[in-house]
Amino acid sequence: MIERKQSPWVLRGVILAVLLALVGAGWWAWSWQPDDLMTEEAPAVRDSAVTAPAVVSVAPSEALGADGPPVDAQAWRQQAQQAEQAVVGGAGGMVPAPPIQGVVTERPSYVSLIEWMALKSAAQQHADPDAELTRLVNFLRFMRLRDVLDALPQDAAAQRQLLANALLSELPTHVQQGNIGRTEALGLQAQWLAIVQPDEQLRAEMVRQEAARLNPGQ
């Protein structure tokens, strides 16, 4: 199988491209309602980060409600911060939100409103929009968990191990889906295994086992 090389930051590039397209088209002054965002026809985006987004002609009043506060940069930042915090919760505030299985029927709390618009737009350009939206949402969730882990202090050992284990368990799926290249995945495995098992000798067998998971059947 030909490996599709794609950095974990590619999805953020797609979201940013949609944002720029919205601003460039004069949509910055849209008003919004959370319920409206669940049903709007968002701007169309070609599938992949190598093609610029194509904006369709949709009047703001047709896409979003006109009764809410204006969507400005500060509101978007606040929404993004809330989404980032929502990816973990439970006991100790570090239990990862589970990946979605099947069709995504509503916006997860860890996906901001503008991200939801961008992901739905990108998914609609795919041969199987439902499956593509699930892949994109789960990959955004994965990246968000990675950000949370990277931001934790070194002395938060238990929380770091919990998140590292969660990321390790899901990494092969993202490699198989082409979200992350195998070479990059091996580097991430080494980084996260060092968190899970600080002892280098005890970690050696774990490294072999995790590497084998990236190539099932070989």
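Run residue 155 past the list (1) over 15 Å from the mean Cα position of the chain (by Cα); (2) assigned to a helix (DSSP H, G or I); (3) more than 13 Å from residue 207 (Cα to Cα) and report the number of the one that doesn't hold.
Checking residue 155 against (1) over 15 Å from the mean Cα position of the chain (by Cα); (2) assigned to a helix (DSSP H, G or I); (3) more than 13 Å from residue 207 (Cα to Cα), the one that fails is (2).
What is the one condition in (1) buried (at least 21 other Cβ atoms within 10 Å of the Cβ); (2) under 13 Å from the mean Cα position of the chain (by Cα); (3) among the β-branched types (Val, Ile, Thr) that residue 88 does not satisfy?
Status for residue 88: all satisfied but (2).
Conditions first: (1) in contact with a Lys or Arg (Cβ under 9 Å, 6 or more places away or on another chain); (2) surrounded by 19 or more Cβ atoms within 10 Å (Cβ to Cβ); (3) among the hydrophobic types (A, V, I, L, M, F, W, C); (4) over 30 Å from residue 205 (Cβ atoms). Residue 100 passes all but one, so which condition is the exception?
(2)
What tally of residues in segment 182-214 results from selecting those that are of a type in the set (Gly, Ala, Ser), at pLDDT 90 or above and either within 22 Å of residue 158 (Cβ to Cβ) or surrounded by 15 or more Cβ atoms within 10 Å (Cβ to Cβ) (or both)?
3
Check 149, 162 and return the single one that is open to solvent by 10 Å² or more (accessible area, probe 1.4 Å), under 30 Å from residue 199 (Cα atoms), of a type in the set (A, V, I, L, M, F, W, C) and part of a helix (DSSP H, G or I).
Answer to the check: 162.
Tally time: how many residues in segment 177-218 are outside any helix (DSSP H, G or I) and among the hydrophobic types (A, V, I, L, M, F, W, C)? If you could, list the steps in order and put the result at the bottom.
Step one: filter segment 177-218 for residues outside any helix (DSSP H, G or I), giving 177-181, 197-199, 214-218.
If we keep only those that are among the hydrophobic types (A, V, I, L, M, F, W, C) too, we end up with 180, 214.
Total satisfying the criteria: 2.
Restricting attention to segment 103-116, and to residues there that are open to solvent by 40 Å² or more (accessible area, probe 1.4 Å) and over 13 Å from the mean Cα position of the chain (by Cα), which single residue is modelled with the lowest pLDDT? Steps first, please.
Our first condition is that a residue be open to solvent by 40 Å² or more (accessible area, probe 1.4 Å); within segment 103-116, this holds for 103, 105-107, 109.
Narrowing the set further to residues that are over 13 Å from the mean Cα position of the chain (by Cα) leaves 103, 105-106.
On the way: 103: 96, 105: 92, 106: 95.
Checking each candidate, the answer is 105.
The values are calculated or read from the model by the stated rules, or taken from the named source; none is laboratory data. Nothing here was measured: the structure is a model prediction, and the numbers come from that model. We place every Cβ from the backbone using ideal geometry, glycine too, and count neighbours over all the protein chains shown. Calculation scope for accessible area: heavy atoms of the full protein, side chains included, ligands and nucleic acids excluded. Shrake-Rupley method; radii C 1.70, N 1.55, O 1.52, S 1.80 Å.
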